[in-house]
1. Considering (1) in contact (Cβ under 8 Å) with a residue 24 or more places away in the chain; (2) assigned to a helix (DSSP H, G or I); (3) of a type in the set (K, R), say which one R27 fails and leave the rest.
2. Looking at A136, A114, A131, A140, which one is more than 15 Å from the ligand (Cβ to nearest atom) and open to solvent by less than 40 Å² (accessible area, probe 1.4 Å)?
3. Being open to solvent by 80 Å² or more (accessible area, probe 1.4 Å) and within 12 Å of V159 (Cα to Cα) is the filter here, so list the residues in region 185-203 that pass it.
4. Given the criterion assigned to a strand (DSSP E or B), in contact with a strand residue (DSSP E or B) (Cβ under 7 Å, 6 or more places away or on another chain) and within 30 Å of R180 (Cβ to Cβ), identify the matching residue among V100, V71.
5. Filter region 31-45 down to residues that are open to solvent by 10 Å² or more (accessible area, probe 1.4 Å) and more than 16 Å from the ligand (Cβ to nearest atom) and give me whichever is nearest to R65 (Cα to Cα).
6. Name the one entry in V101, V63, V71, V83 that is without any contact (Cβ under 8 Å) to a residue 40 or more places away in the chain, open to solvent by less than 60 Å² (accessible area, probe 1.4 Å) and within 26 Å of V199 (Cα to Cα).
Amino acid sequence: MTFPQPLIDGYAAFASGRLQTEQHRYRELAEQGQSPEIMVIGCCDSRVSPEVIFDARPGELFVVRNVANLVPPYTPDDAQRAVSAALEFAVQALKVKHIVVLGHAQCGGIRAYAEPGKPLSPGDFIGNWMALIAPAADAAGPAARFASPGEYLAHLERVSVIKTIDNLMTFPCVRILVERGRLTLHGAYFGVALGELSVLDRQTGEFHPVK
Ligand SMILES: [Zn+2]
């Protein structure tokens, strides 16, 4: 069993490049702990790395990634809830000032919901997870209303970002801080092919490209 060579090579490039310029900052962060002001909820998709897109330095972004950048609604129970735990830590312990839900084009998770195939496993973890998209799909309306399946998916990807923000607001710790003006929720959308970033106007529900 060998450790993947691209990771060995990548680390060598990091160690001789970026680490040199960031060494002081890493040492400081190790001693003082992290205090990021921004949490990003992104997709696992290998093309949509928040740290790359936002050119983030170490310690700047608190990132949670899952299939299709979703947040299940607040459910106080004993189940292991990874997103809820990360959210609680970000909001209560780190006291982040912003949460950004970052959706993206050609999201495989969104497509898995819209075009369901055979489950990959008896547990159908993807199917169960993607059921969280249902409220966004209801809001997006029928696929037939759109000129093409691609257009429908692009719309559903954006509506899902809005629904994820709605779900964030079901967490009492989030809602209270938002109402007090100490936490702001944002939506964004990354167009993979052109690398274009759009930001959600929460008043109109429209996404506008960042210039
Ligand atoms: Zn995705």
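1. Going through the list (1) in contact (Cβ under 8 Å) with a residue 24 or more places away in the chain; (2) assigned to a helix (DSSP H, G or I); (3) of a type in the set (K, R), R27 breaks only (1).
2. Details: A136 fails: more than 15 Å from the ligand (Cβ to nearest atom); A114 fails: more than 15 Å from the ligand (Cβ to nearest atom); A131 fails: open to solvent by less than 40 Å² (accessible area, probe 1.4 Å).
When all the criteria are applied, what remains is A140.
3. Initial filter on region 185-203 (open to solvent by 80 Å² or more (accessible area, probe 1.4 Å)): 193-194, 196, 202-203.
Hit for region 185-203 is R202, nothing else.
4. Values: V71 fails: assigned to a strand (DSSP E or B).
V100 is the lone residue from the list that is assigned to a strand (DSSP E or B), in contact with a strand residue (DSSP E or B) (Cβ under 7 Å, 6 or more places away or on another chain) and within 30 Å of R180 (Cβ to Cβ).
5. Ranking the candidates gives I38 first.
6. Working: V101 fails: without any contact (Cβ under 8 Å) to a residue 40 or more places away in the chain; V71 fails: without any contact (Cβ under 8 Å) to a residue 40 or more places away in the chain; V83 fails: without any contact (Cβ under 8 Å) to a residue 40 or more places away in the chain.
Residue meeting the stated conditions: V63.
The values are calculated or read from the model by the stated rules, or taken from the named source; none is laboratory data. Worth saying up front: this structure is predicted, and the values here are computed from it rather than measured. Here Cβ is always computed from backbone atoms with ideal geometry, including for glycine, and neighbour counts include all displayed protein chains. Calculation scope for accessible area: heavy atoms of the full protein, side chains included, ligands and nucleic acids excluded. Shrake-Rupley method; radii C 1.70, N 1.55, O 1.52, S 1.80 Å.
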